[in-house]
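Reading through the structure tokens given below for one structure.
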Amino acid sequence: MTQPFDIAFKPFKFMSLSMKNRFIRSATIEGMAEPDGSPGNALRSLYENLGAGGIGLISTGSCCPDPEWIGASKGQLVLNEKTDLSAWAETVQTVHRNGALISLQMAPFVFLGGKFTGPSVYKEGVCRITTDEIDRLADVYAKIAVMARKLGMDAVQVHGGHGYGLSQFLSPFFNQREDDYGGSPENRVRIFADIRRAIADKAGADFPVWIKMNAFDGVPGGLTPEVAAPYGPLLKKAGYGAIEVTGGVMAGTHNSRGPIEKTQWFEGFYLEGAQKLKAAVDVPVCAVGGIRKLEMIGSILSRGTADLISLSRPVIREPGLINRWAAGDSAPARCISCNGCFTMVMKGEGLFCVQEIKASRPG
Ligand SMILES: Cc1cc2nc3c(=O)[nH]c(=O)nc-3n(C[C@H](O)[C@H](O)[C@H](O)COP(=O)(O)O)c2cc1C
Ligand code: SF4
């Protein structure tokens, strides 16, 4: 008997790319890079397992183009001329050999030149980014996109989510600017258009670029799906080939992993944003956040809420989840959303499922 989720396992054209299915590993900072920021054996084998486990496209952990200016956290990926490019190239080849595509997620800024920076001084201690710095930022992203293309990566993703610097531009709460970068939807999206243009100029207009963006901040006066929907056509016009829809900010009621209060967690917690974006724009929309069951995946795809399915924690616990589902074992993902993996990455321990470790210990 055919099922609404069957379509998830069929090939899908994504920008100019051909994916073997509709499953994406959502960008997940691994904290496992070598001291120079390049991927070593540990990270390569993680990607190898994800590719071999059936994921169609791996969006890398947030990768920093310039740690001296933007600031990178411990073990975060870095890509620039000072990093080991042969290690990077080997990683891209490993993913391709395992049948998956790879897209580089370009880190958003939080600090610029060591200073906590955003579009506006929404609280004490935040520096307002200048237009010169915005120009420089666009060039930095263009440079990393050139390198990603040369390495054979299939795409790059701009990280416009989770309340970091770029995400804040989209938000009526964080972005209080009165210049060309604030106020109207066109102005709030302008920095993304600048980055997209710089990438097209330097890396070629045909190199696929997509965005992960917030459609819900979870702070009073912040971004909501209704406010976010009109950004869709503007991003498409700017040249973004697909939109992954997320939510949450560092100090709100929600973070990238859903409602902060565990009692308020629900499946598919950012789907409303995906649905509103999908209704507003005709580029592929990718749903992410708390997707754990094939029934929900079937419903998202068959109702046209989104075109692609992104998973982070489910494939930390089960890198072979997609192959398991494809083979007919339709039990939900085993991830219980405890966020233990996130805590470990933040402590610099690398990316792994703490529940799997607990389960493997005798007694
Ligand atoms: C350990 C960890 C690291 C993450 N790092 C990133 C990141 O680098 N970039 C990003 O856009 N989202 C990041 N996220 C958020 C996930 O991509 C995803 O949006 C979120 O976890 C919700 O999806 P899920 O319920 O499938 O995990 C991270 C999440 C976790 C658990
Ligand atoms: S540590 Fe918790 S949230 Fe992370 S993958 Fe394991 S079960 Fe899921």
Residue in segment 260-272 that is farthest from ligand 2 (Cβ to nearest atom), counting only those that are at pLDDT below 95 and charged (D, E, K, R): 261
Enumerated strands (runs of 3 or more DSSP E) restricted to segment 8-107, each holding at least 2 residues that are within 16 Å of ligand 1 (Cβ to nearest atom) and buried (at least 16 other Cβ atoms within 10 Å of the Cβ): 23-25, 57-59, 101-106
First in segment 69-88 and touching a residue at least 12 places away in the same chain (Cβ under 8 Å), second anywhere and hydroxyl-bearing (Ser, Thr, Tyr) and assigned to a helix (DSSP H, G or I), Cβ under 9 Å, 6 or more apart: none
Residue in segment 246-259 that is farther than 11 Å from residue 161 by Cβ, under 17 Å from the mean Cα position of the chain (by Cα), in contact (Cβ under 8 Å) with a residue 60 or more places away in the chain and away from ligand 2 (no atom under 16 Å from the Cβ) present: yes
Residues (under 15 Å from residue 21 (Cβ atoms) and either part of a loop (DSSP other than H, G, I, E, B) or not polar (S, T, N, Q) (or both)) located in segment 304-318: 306, 307, 308, 309, 311, 314, 315
Any pair with Cβ under 7 angstrom, 6 or more apart, that starts in segment 338-358 at a residue that is closer than 14 Å to residue 29 by Cα and ends at one that is within 7 Å of ligand 2 (Cβ to nearest atom) and in a loop (DSSP other than H, G, I, E, B): 341/353
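Does segment 143-184 hold any residues that are aromatic (Phe, Trp, Tyr) and within 15 Å of the chain's Cα centre (by Cα), and which are they?
164, the sole residue that qualifies.
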Per-region count, segment 145-170, residues assigned to a strand (DSSP E or B) and polar (S, T, N, Q): 1
Test: residue in segment 306-319 that is touching a residue at least 40 places away in the same chain (Cβ under 8 Å) and surrounded by fewer than 16 Cβ atoms within 10 Å (Cβ to Cβ): no
Candidate set from segment 337-349 (those that are within 9 Å of ligand 1 (Cβ to nearest atom) and not hydrophobic (A, V, I, L, M, F, W, C)); member that is surrounded by the most Cβ atoms within 10 Å (Cβ to Cβ): 337
Filtered residues of segment 325-358 (kept if more than 24 Å from the chain's Cα centre (by Cα) and over 21 Å from residue 53 (Cα atoms)): 358
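Only one residue in 336, 322, 297, 316 is over 30 Å from residue 41 (Cβ atoms) and either of a type outside the set (Gly, Ala, Ser) or touching a Phe, Trp or Tyr at 6+ places or on another chain (Cβ under 8 Å) (or both). Which one? If you could, list the steps in order and put the result at the bottom.
On the way: 336 fails: over 30 Å from residue 41 (Cβ atoms); 322 fails: over 30 Å from residue 41 (Cβ atoms); 316 fails: over 30 Å from residue 41 (Cβ atoms).
From the options 336, 322, 297, 316, the qualifying one is 297.
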Boolean, residue 301 is over 19 Å from the mean Cα position of the chain (by Cα), more than 16 Å from ligand 2 (Cβ to nearest atom), buried (at least 19 other Cβ atoms within 10 Å of the Cβ) and not in a strand (DSSP E or B): yes
Among the candidates 55, 129, residue that is more than 26 Å from residue 149 (Cβ to Cβ) and touching a Leu at 6+ places or on another chain (Cβ under 9 Å): 129
Search result, residues across segment 327-336 that are within 8 Å of ligand 2 (Cβ to nearest atom) and surrounded by fewer than 19 Cβ atoms within 10 Å (Cβ to Cβ): 334, 336
Hey, residue 189 crowded, with 23+ Cβ neighbours inside 10 Å, out of contact with any strand residue (DSSP E or B) (no Cβ under 8 Å at 6 or more places or on another chain) and more than 22 Å from residue 300 (Cβ to Cβ) or not: yes
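Going by what's in this entry, would residue 324 be described as in contact with an Asp or Glu (Cβ under 8 Å, 6 or more places away or on another chain), surrounded by fewer than 19 Cβ atoms within 10 Å (Cβ to Cβ) and assigned to a loop (DSSP other than H, G, I, E, B)?
No: the conditions fail for residue 324.
The values are calculated or read from the model by the stated rules, or taken from the named source; none is laboratory data. As the structure is a prediction and not an experimental result, all values here were calculated from the model. FYI the Cβ positions are ideal-geometry reconstructions off the backbone, even for glycines, and counts take in every protein chain you see.
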